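Asker: Pasting a structure here, questions to come.
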Amino acid sequence: MLIQGGRIIDPSQGIDEIGSLFITGGKISWLGKGEAAPPQPDHDVLLARGLIVSPGFIDFHCHLRQPGFEEKETIATGTRAAAKGGFTTICCMPNTNPPLDNQATIEYVKALVFKEGVLRVLPIGCISKGREGEELAPMSELASVGVVGYSDDGDPVLNSPLMHQALEQSRTLGLPIIDHCEYTVLGNGGVMNEGALSARLGLPGIPVAAEEIMVARDQALAKLTGGWLHIAHITTEGSVDLVRRAKEKGIRVTTEVTPHHLTLTEEKVIECGSNAKVNPPLRTEKDVQALIQGLKDNVIDIIATDHAPHTQADKSQNLTLAPFGISGFETAFGSLMGLVHNGQLTLATLIAKLTCEPARIIGNRHGKIGSLAIGAPADITIFDPNRDWVVDTSDFVSKGRNTPLAGSKLKGKVIATISQGKLVYKDETVKLEIRGGW
């Protein structure tokens, strides 16, 4: 299979040029400049002129809901929605029913992925048994069946001695402890960012201090243990400053930011109600700018969607009762391209934060993902950076239609996604010249 004549951007190799690449046996076997073709006489061709060809996107934080919440999402629908968003590797959080806190549940998810998924799914195991925050899950056992980290996401680890134990284990296992940093005693019952807007609307808020207190505690424990802390969905200027100082001191901390926290503010709650209700909440424009600067400075390591699908019935409840979460797979790239078009991020930086940087966190246990290097899995995203489109939730592949971007016009669209050499998504509204058996 030949992908011919696209602009190849691969930050892992410092490549940004017009070129072609060849796929053999599900791996990248050849890379050439311009529209040159490899010497093999018989191959299928996907003509990529005018398009950008990058490593497949990697999402280190998403919720596939299965097992237990199949009305919200399944591995079948979730992986197809991710493919539509340009993702070829996704890491699923363990807040399922039952939670992913033992070998049997991990093996069950892996079997479902093999049977019904269309791309690589790497599970994240629980920090605590049952996500109850009382006793460590069997972390070594979970590592032996391929988890890429540990988290009780959806809930923070409030139990400091337990977090201390988990971070000590992470040092031995070489896998991150991923914490939802929220001191829930503050802002309990909050539905949006606490501040002047929440006061004006008469809505209970979640203060920035709820996040920053836990970031500070976790970093202190990471310093004490030498463990690996990964902060999920960072949202505040103060948290960015804390991480910056921790990295300067040599504390092992990595962190992620979501597309919605990079591109939306608390004002969206006025317009979109429960579809803009997310935890941690959308913050202020000052926080957004601090997050963007944190990405540019490599204080924030990666972008992750925190894809959190819900049913329409769930999100149709009033703001107090509706669950937190945004369905993000299918809008992530288009919304992030707004930062490129307005000059706040370079395209190379955006691609790096979606490919080689999350691959660095995952490591090589699951192959050389996040790169178009010879011998790497043929995980490839092809996109048009200038294609305008309107978010229509009726076209979503995900079961979750809960997004504050419904009806928004975005610029930048995934055209095709290839996972391990197989075409798993193609935009049917775009005429893409394909010759052969793709």
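To keep it simple, each residue is scored yes or no on (1) surrounded by fewer than 20 Cβ atoms within 10 Å (Cβ to Cβ); (2) not aliphatic (A, V, I, L, M); (3) not in a helix (DSSP H, G or I).
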residue	(1), (2), (3)
L197	yes, no, no
R200	yes, yes, no
V215	no, no, no
Q219	no, yes, no
L224	yes, no, no
H230	no, yes, yes
V240	no, no, no
V243	no, no, no
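Asker: Can I ask one more? Before we move on, is L64 more than 24 Å from F329 (Cα to Cα) and either assigned by TED's automatic domain parsing to the domain that holds I303 or not charged (D, E, K, R) (or both)?
Answerer: no
Asker: Inspect all residues belonging to the range 365-374 and state whether any of them is touching a Gly at 6+ places or on another chain (Cβ under 9 Å), in a helix (DSSP H, G or I) and modelled with pLDDT under 95.
Answerer: Yes: the range 365-374 contains one or more residues that are touching a Gly at 6+ places or on another chain (Cβ under 9 Å), in a helix (DSSP H, G or I) and modelled with pLDDT under 95.
Asker: Same structure, new question: Yes or no: R401 touching a residue at least 12 places away in the same chain (Cβ under 8 Å), assigned to a loop (DSSP other than H, G, I, E, B) and not aliphatic (A, V, I, L, M)?
Answerer: yes
Asker: Quick check on my filter: what residues within the range 387-424 are over 18 Å from the mean Cα position of the chain (by Cα) and aromatic (F, W, Y)?
Answerer: The answer is W389, and nothing else.
Asker: Hey, any hits in the range 322-330 for a residue that's part of a helix (DSSP H, G or I) and touching a Gly at 6+ places or on another chain (Cβ under 9 Å)?
Answerer: No, the range 322-330 contains no residue that is part of a helix (DSSP H, G or I) and touching a Gly at 6+ places or on another chain (Cβ under 9 Å).
Asker: Could you figure out which of (1) surrounded by fewer than 22 Cβ atoms within 10 Å (Cβ to Cβ); (2) touching a helix residue (DSSP H, G or I) at 6+ places or on another chain (Cβ under 7 Å) isn't true of L31?
Answerer: Condition (2) is where L31 drops out.
Asker: Within the range 269-319, count every residue that is crowded, with 19+ Cβ neighbours inside 10 Å, among the basic types (K, R) and either closer than 20 Å to F333 by Cα or not assigned by TED's automatic domain parsing to the domain that holds A210 (or both).
Answerer: Number of matching residues: 0.
Asker: For the range 1-47, give me every one of the strands (runs of 3 or more DSSP E) that falls completely inside it and has 1 or more residues that are under 24 Å from A352 (Cα atoms) and of a type in the set (F, W, Y).
Answerer: The qualifying strands (runs of 3 or more DSSP E) are 15-24, 27-33.
Asker: All but one of (1) small (G, A, S); (2) farther than 20 Å from G273 by Cα; (3) in the same structural domain as E73 (by TED's automatic domain parsing) hold for S327; state the number of the condition that does not hold.
Answerer: Just one mismatch for S327, condition (2).
Asker: Another one. Of (1) touching a Lys or Arg at 6+ places or on another chain (Cβ under 7 Å); (2) small (G, A, S); (3) over 24 Å from S140 (Cβ atoms), G226 satisfies all except one. Which?
Answerer: (3)
The values are calculated or read from the model by the stated rules, or taken from the named source; none is laboratory data. Given the structure is predicted, the values throughout are model-derived calculations rather than measurements. Methodologically, a virtual Cβ is constructed for each residue, glycine included, from the backbone with ideal geometry; neighbour enumeration extends over all protein chains shown.
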